[in-house]
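The values are calculated or read from the model by the stated rules, or taken from the named source; none is laboratory data. A quick note: this is a predicted structure, and the numbers were derived from the prediction, not measured. Positions of Cβ are backbone-derived with ideal geometry, glycine not excepted, and every protein chain shown enters the neighbour counts.
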Amino acid sequence: MTQQELEKYLWGAATALRGTIDAGDYKQYIFPLLFFKRISDVYDEEFANALAESDGDKVYAAFAENHHFQIPDSAHWKDVREKTVNIGTALQEAMRAIEQANPDTLFGIFGDASWTNKDRLSDAILTDLMEHFSQHKLNISNVPDDQLGNAYEYLIKEFADDSGHTAAEFYTNRTVVKLMTLIMDPQPGESVYDPTCGSGGLLLNCALHLKEEGKEYRTLKLYGQEINLLTSAIARMNMFLHGIEEFSVVRGNTLTYPAFLENDELKTFNVILANPPYSIKSWDRKAFESDPFGRNLWGTPPQGCADYAFQQHIQKSLDAKNGRSITLWPHGILFRDAEAQMRRKMIEQDLVECVIGLGPNLFYNSPMEACLLITKINKPASRKGKILFINAVNEVKQEKNIGFLEEQHINKIFKAYQSFTDKENFAALMTIEDVLAKKGNMAINLYVRPNTLNLENSISFDEVYQQWNESADALKSSIEVLFKTLTAL
């Protein structure tokens, strides 16, 4: 299959559910089925390869060493496909058996969908779904990791487009992800962390970025935490389906129960990329006041907005030597009065390297403009005491109600970040003292305003004057006609 054919084939499974369940729920059924089919087909492929190596020794071919994952008896795709009644029960039992047979890698990966609810998924619907997936072999020789991984990402985007407000839980605009990865520049052997990882796109893109550059991506250590059970399962499937096996994605509340600890302290990482949920009101502010991990570096955020709780968690989780972070936020974190004291301390400690203002509609189901906050533990000498502000609000392509960055936009923003210097109507390099003089307000428009003139379509003063005269003459003529009409009456 071509990439397009594969994507059409996989999306066909989702269309089979139209009218029976809400679009926002497609992912909890389609992703587990896809993963179940993939590991079953790969198991068969590995069994056949081992059989050929051993001149038909079936005992040898079944050895665990010959397989990525173990599939117990009666838990294979073909076993469930043979069922004609209570298919949901058979699916659920097979998935749980596979999870239990692979506790270190697959525990809980199939989520908690209600497969046995026949009011939602009748035997007929499940039969149709399984027959649809059974049309093609999804083994590695037929569908390589890269191809299936890209198709999986395609499904994530389609589900996001289809499900509206629920999309923000598990999907970050992929063009923004690419820009964030370029700026962070993860290197082989480094550790990369996302404290609110969603479907794992930010983590995964770091590995794929290295792979595209021809560097050793398998030594990259990927860590993520996600509060939603299904979304964390989707992230893990996402990794496996892209051929990434060295990662740790843990379900849990990052602010309340951070998952990654060393010697009773927060584990630290070389790179952190994040798109946290913004303006959370239901969080344990009282506990954060005396946080046992010392994450209240700059203070305790207001109850109505946990943004700086996440930002301080990120800062506390950075490696002391070369830790760097990039976080996608709404612009409010740059200037809100309630967070002014915390923001000022962050600036005084020379942690902010760059602030990038992006265009509208890059958040799902929200027209608000986004910004990227970039921090570094140890800035290069040439950047110490300075903050670069980039106003890229016009560097965005709008399509319907979704914004995205084209290649030219990404390149322009990235080059401005690299050069770390003034660029008229686009970038301004300020000292910490300049920013503190404005009471720590980092609103980008205070430092650099975008060029609002469209030079390509601009016209001369003479042309403007001529158009003004013509419109005045037209107005005069219409008034004369009006008066003549009224006089005749």
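Here are a few things to note about the model shown:
- Residue 272 among the aliphatic types (A, V, I, L, M), closer than 23 Å to residue 111 by Cα and either touching a Cys at 6+ places or on another chain (Cβ under 6 Å) or outside any helix (DSSP H, G or I) (or both): no
- Output for segment 348-368, where each listed residue is more than 19 Å from residue 185 (Cα to Cα) and surrounded by 19 or more Cβ atoms within 10 Å (Cβ to Cβ): 357, 358, 359, 361, 362, 363, 364
- Segment 1-87 holds helices (runs of 4 or more DSSP H) entirely within its bounds, and those carrying 1 or more residues that are under 18 Å from residue 142 (Cβ atoms) map to 3-15, 26-53, 77-81.
- Any hit, segment 289-301, residues being closer than 18 Å to residue 221 by Cα and modelled with pLDDT of 95 or more: no
- Residue check, residue 392 crowded, with 22+ Cβ neighbours inside 10 Å and of a type in the set (Gly, Ala, Ser): yes
- Checklist (1) modelled with pLDDT under 95; (2) closer than 27 Å to residue 300 by Cβ; (3) not polar (S, T, N, Q) applied to residue 400, failing item: (2)
- Every test in (1) touching a residue at least 24 places away in the same chain (Cβ under 8 Å); (2) surrounded by 14 or more Cβ atoms within 10 Å (Cβ to Cβ) is passed by residue 112 save one, and that test is (2).
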